[in-house]
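K.L.:
Mind looking over this structure? Questions follow.
The values are calculated or read from the model by the stated rules, or taken from the named source; none is laboratory data. Bear in mind that the values here come from a model prediction, so they are computed numbers and not experimental data. Cβ placement follows ideal geometry from the backbone for every residue including glycine, while neighbour counts extend to all protein chains displayed. For the accessible areas, the whole protein counts, side chains as well, though only heavy atoms, and no ligand, DNA or RNA atoms are used. Shrake-Rupley method; radii C 1.70, N 1.55, O 1.52, S 1.80 Å.
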Amino acid sequence: MGNIWKAARLDLALVRPYWKSVCFNLVLPVVFAAVNRSLLTGICFAMSTMAMATVYPFSIAEKNGMERLYGILPVPKGALVLGRYVFVLAMGLLSLGVSLLAQPPVLRLLGVPVEPSEIVTAAAVGALLFVLFMVFQVPGYYRFGSIKGRAFLYIPVGGFLVISLALSKVPAVGRWVDSAAEAAPGRLIFSGALILLTLCALSVLLSVRIMENKEL
């Protein structure tokens, strides 16, 4: 466990020069939610923009040739991968937490009612969305790198556009999600958590396998 935290802290140190961009990614979704008058849209946008920022540690490591450093570190490759996932998830939790604290009060000030069930729904959908992005992006970056694998950077863009289109063209989808959250919030949370854990486990296993087969 100690090696995992050390790897996560190393990623934190790598991304430190990009913290202004990270902070911008935290503030922009609040404005986006206010413009669109929708908490769910704002949360999804926040998760999408932060998912795009998860390329930073891969990009910095690749540009500075840190693969050799990873090879000589007295840390198992599996711990390095898990540390990267911990760091990426921390970025997602940070974005989700800031959005859930800032967006509802802003929307209420604008006269948009925000019910507790809507906050729970937005949080669940946002977390699921971020993990869906992560489970594809992280193995893709490990396999192809941040430059050759740049296509993975745009997965959150495509995902957000699809969700926005679905919510705007098919309002019944949003109503169904809200009704499911009101009818059985516990079941929704349990099902979402089970899906998230399964997806994370599969993604981590794939990334570890890629890392172990890679020449460092």
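K.L.:
Which condition number in (1) in contact with a Ser or Thr (Cβ under 9 Å, 6 or more places away or on another chain); (2) at pLDDT 90 or above is the one that Phe152 fails?
P.N.:
Of (1) in contact with a Ser or Thr (Cβ under 9 Å, 6 or more places away or on another chain); (2) at pLDDT 90 or above, only one is false for Phe152: (2).
K.L.:
Hey, another quick one. How about the stretch 92-116: which of its residues are over 26 Å from Phe133 (Cα atoms) and of a type in the set (Val, Ile, Thr)?
P.N.:
The answer is Val106, Val112, Val114.
K.L.:
Using beta carbons and a limit of 9 Å, which pairs, at least six apart or on different chains, have the first residue in the stretch 112-141 and touching a residue at least 12 places away in the same chain (Cβ under 8 Å) and the second one open to solvent by 50 Å² or more (accessible area, probe 1.4 Å) and of a type in the set (Gly, Ala, Ser)?
P.N.:
Cβ pairs passing all conditions: Gly140/Ala151.
K.L.:
What number of residues in the stretch 92-126 are touching a helix residue (DSSP H, G or I) at 6+ places or on another chain (Cβ under 8 Å) and not in a loop (DSSP other than H, G, I, E, B)?
P.N.:
So the answer is 22.
K.L.:
Quick one: Gly2 ticks every box in (1) among the small types (Gly, Ala, Ser); (2) touching a residue at least 12 places away in the same chain (Cβ under 8 Å); (3) open to solvent by 20 Å² or more (accessible area, probe 1.4 Å) bar one, so which box is it?
P.N.:
Among (1) among the small types (Gly, Ala, Ser); (2) touching a residue at least 12 places away in the same chain (Cβ under 8 Å); (3) open to solvent by 20 Å² or more (accessible area, probe 1.4 Å), the lone unmet condition for Gly2 is (2).
K.L.:
Hey, another quick one. Return the pair list, or none, for Cβ contacts closer than 9 Å from residues in the stretch 148-165 that are more than 14 Å from Ala46 (Cα to Cα) to residues that are open to solvent by 50 Å² or more (accessible area, probe 1.4 Å) and among the basic types (Lys, Arg), at least 6 apart or on different chains.
P.N.:
If the second residue must be open to solvent by 50 Å² or more (accessible area, probe 1.4 Å) and among the basic types (Lys, Arg), the pairs left are Gly149/Arg143.
K.L.:
Would you mind finding the one in Ala33, Ala13, Ala8, Ala46 that is under 21 Å from Gly158 (Cα atoms), among the hydrophobic types (A, V, I, L, M, F, W, C) and either open to solvent by 60 Å² or more (accessible area, probe 1.4 Å) or more than 14 Å from the chain's Cα centre (by Cα) (or both)?
P.N.:
Values: Ala13 fails: under 21 Å from Gly158 (Cα atoms); Ala8 fails: under 21 Å from Gly158 (Cα atoms); Ala46 fails: either open to solvent by 60 Å² or more (accessible area, probe 1.4 Å) or more than 14 Å from the chain's Cα centre (by Cα) (or both).
None of the other options fit; the residue is Ala33.
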